[in-house]
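Below is one structure, written out as structure tokens; comments come after it.
The values are calculated or read from the model by the stated rules, or taken from the named source; none is laboratory data. The structure presented is a predicted model; accordingly, all values stated were derived computationally and were not measured. Using ideal geometry, Cβ is built from the backbone for each residue, glycine included, and neighbour counts are taken over all protein chains shown. Areas reflect the complete protein model, heavy atoms only, side chains present, ligands, DNA and RNA absent. Shrake-Rupley method; radii C 1.70, N 1.55, O 1.52, S 1.80 Å.
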Amino acid sequence: MKRLNTMIAALVCAATVFAMAGCGQSDDAKSSQSSEEQAQEAKTQWSSALYKATDSQNDLKTAITDANDLTRYALDSSVSELESTINAAYKVYTGTSIDSSEPSDVEAYKTAADKLDKIADKLEKRTTSLNAAVESYKKSLPSMSYTITSNEGYTFDVSISGLDMRASIDTEQGQPGTVTIDSWVADTLGITIANTTPGKEAPAIWNDPDASVGTLYFGDLVALYDTNLCATMGQANPLITDATCRSYSIGDKTYWDYYESAAVVIPDENNTLRSMAKFSVGESVSGTLMPRTGWYPDEKTNKFTETSNQDVSEQVADSIRKPVGWASVMEISYSTPYNAGANLERAVKHDLWDKDYYILAKTDGI
């Protein structure tokens with residue numbers, strides 16, 4: 001009997017072991033599965049780190065390209081600090097290599113992922129620093145703001161920032177002994193036009209509330225110089241005379257524009273004002289510049305091109321880049337009633353008719 005009990009116990013034990021082996025996992029199987037999961041987790045971590053580092057590298061490249069475009073053809077003294085930041089960023093960009101070869105084991109995956117995370121962090125910090133320098137540069141540029149009040153009492157606030165003139169020389173164009181000079185308002189320009197009439201919709205054409213949408217007009221923006229650039233240009237173009245650049249009398253000083261280069265401040269074409277003919281209550285829209293008569297930049301590049309004697313081209317281009325200031329003006333005539341104008345400073349633009357202008361706003365230097 002004792003022997004039978006011993007045999008039964010052995011059979012139960014064997015059955016139990018067999019059941020455990022058949023229904024569960026051995027320690028070796030569990031260990032194998034755990035290793036595979038760890039390897040997959042490490043690979044996923046490495047893939048994510050590689051993507052992040054590569055993306056950060058591309059972001060820095062884009063930031064450097066955009067910053068370089070921003071400083072191209074600008075006045076050297078105004079962008080020297082920004083260029084130093086760009087150069088530092090470029091040094092980090094070119095000095096950083098990303099190893100995309102796939103590691104061979106779990107520990108190698110983890111080591112590579114950690115290295116890639118540190119690279120991404122370094123690149124991201126450099127991009128943030130460069131973008132901050134760009135914004136600081138933009139804020140350092142001249143700006144102005146003013147309010148337009150219609151005869152009916154509607155009010156519009158206009159803000160203009162990032163005022164900067166650019167000029168470049170093309171030596172391949174023009175007859176022998178001459179070159180062409182391109183000039184334009186920099187892409188740093190920002191314009192906002194807002195309806196600030198308390199609780200009221202406002203007409204899109206402030207000086208004609210009943211008009212359908214046509215030329216939306218919120219002042220003429222002009223860069224002003226303390227020298228006559230047309231006199232410096234020389235006689236490369238027979239149309240250029242000392243009088244081609246119009247002069248303005250402001251206070252007791254005389255300033256010149258550049259080929260009557262004032263441009264209309266208007267809302268962008270992609271807003272609802274074009275179809276609705278009115279601002280909503282409190283609506284604010286972005287703005288742009290539209291060339292006025294006498295200034296004909298290329299529609300695609302927004303650049304004005306003129307021929308100059310080669311020997312004075314560098315001097316002219318450098319002068320174009322540094323106006324003494326900017327003003328937003330509005331011609332005084334029957335077609336531009338301006339209730340608040342009685343208290344505004346005035347300017348006289350000397351041309352064939354010596355027209356009077358309101359000075360809506362001006363920057364330091366004027």
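Take Leu221 and decide whether it is open to solvent by less than 30 Å² (accessible area, probe 1.4 Å), closer than 20 Å to Asp351 by Cβ and at pLDDT 90 or above. Spelling it out, Leu221 is indeed open to solvent by less than 30 Å² (accessible area, probe 1.4 Å), closer than 20 Å to Asp351 by Cβ and at pLDDT 90 or above. Tell me, yes or no, whether the stretch 251-265 has at least one residue that is crowded, with 20+ Cβ neighbours inside 10 Å, within 23 Å of the chain's Cα centre (by Cα) and of a type in the set (Val, Ile, Thr). Yes: one or more hits.
Selection of the stretch 197-234 for residues being among the basic types (Lys, Arg) and within 30 Å of Gly177 (Cα to Cα) yields an empty set. Screening Glu124 with (1) under 30 Å from Gly199 (Cα atoms); (2) touching an Asp or Glu at 6+ places or on another chain (Cβ under 9 Å) gives one miss only, at (1).
Within the stretch 192-208, the set of residues being more than 11 Å from Phe279 (Cα to Cα) and touching a strand residue (DSSP E or B) at 6+ places or on another chain (Cβ under 8 Å) comprises Thr192 only. Here Tyr73, Tyr51, Tyr93 are screened, and the one residue that is crowded, with 16+ Cβ neighbours inside 10 Å, part of a helix (DSSP H, G or I) and not β-branched (Val, Ile, Thr) is Tyr93.
Enumerate the pairs (first residue in the stretch 56-67 and on the phi > 0 side of the Ramachandran plot; second residue anywhere and open to solvent by 80 Å² or more (accessible area, probe 1.4 Å) and outside any helix (DSSP H, G or I)) with beta-carbon separation below 6 Å, excluding pairs fewer than 6 apart on the same chain, so at least 6 apart or on different chains. Pairs that qualify, where the first residue is on the phi > 0 side of the Ramachandran plot and the partner is open to solvent by 80 Å² or more (accessible area, probe 1.4 Å) and outside any helix (DSSP H, G or I): there are none.
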